[in-house]
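Trainee: First, the structure itself, so that you have it in front of you.
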Amino acid sequence: MDWQFTHPGVIVGRGGKALSNRAKSVDHDPSLDEAEADAMGVPPNAEELAQVLRRRIQRQELAPDEWLREARLCAEFGVGRSIVRRALRTLADDGLIELEENRGARVSSTSVEEVFDLYEVRAALYGLAARFACLRASDASIAVMLVKIDQLLKDAATGAPAEQIIALSEAIFSDMAEVASPDAQRMIEAIRRKTRFHFSYVALALSADGPGPYAHWRRVRAALVKRDANEASQAARDILYFMQSEVARIMLAHGSRVRDAASLPTPARKPRIVKGG
């Protein structure tokens, strides 16, 4: 059987059937191999089901405006309506679907402007995370971030899959955010959830020929070493401004919806052009 690992604890088999390597009993061996997991066929919980559906939306296997029928999801995944409804509520909180009274759940049709605005907020929050890292992180924590940035740059130089680079960049920003206040961490996580849908476009941007955001990552690295909070903050924002521009461009090329005929706004501050990137 063909498998894909999409999330810790979730296995998606051919045809999208989700299985979990969780046990029904507390003495379950977590090292179950794929054949055993297939034989058990443990249905997903609400969180796992939400993750499977999130990935399908991200990959456009579920198209904008497509209806997600509870009965079909219950039959496909072998779960009850309560699990399906909790999963759909999670996706609605993420902004990935819309719940319509007496009609059900429908995949959101996000406009380019909405994505643009989300990245504007994300840039501001990630800039704050980088600033806090310079001001508050321990030397040991900074060292871990530098190792991960070096790995990210190496992966980019060797043509690693875009998804691998995205995952590493998110891990770095998570490290930065650890020293932020709980309120700031909650805001960062919330905006992350609302932009996960667009990671497929980010992957296209990182896979395309061009300099990418890596010159800005080198600036972040240098600023962390010097604990230059202002430069780290601006470089982190410039990474997100680059992605904002690329994601909007790709969405437009794919015929994504634009709210108005007016042109897109420009970022509050355009990224600086850095040579040697």
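Trainee: Ranked from the most accessible area to the least, with a 1.4 Å probe and all protein chains present, what is the order of K226, K148, K194, K154?
Mentor: K226, K154, K194, K148
Trainee: By how many nm would the segment from Q151 to L252 lengthen if fully extended, with 0.36 nm per residue of separation less the alpha-carbon distance?
Mentor: That works out to 33.2 nm of additional length.
Trainee: Then there is this: Subtract the Cα-Cα distance of E61 and E47 from 0.36 nm times their separation in residues, and report this length gain in nm to one decimal.
Mentor: 3.1 nm
Trainee: By accessible area of protein heavy atoms, probe 1.4 Å, what ranking do S233, S138 get, highest first?
Mentor: S138, S233
Trainee: Could I ask something else about it? For labels at E100 and Q164 in the simple 7 Å Cα→Cβ model, what's the distance in nm?
Mentor: 4.2 nm
The values are calculated or read from the model by the stated rules, or taken from the named source; none is laboratory data. For clarity, every value in this text was computed on a predicted model and none was experimentally measured. Please note: Cβ atoms are built from the backbone with ideal geometry, for glycine as well, and neighbour counts cover all protein chains shown. Side chains included, ligands, DNA and RNA excluded: accessible areas come from the protein's heavy atoms. Shrake-Rupley method; radii C 1.70, N 1.55, O 1.52, S 1.80 Å.
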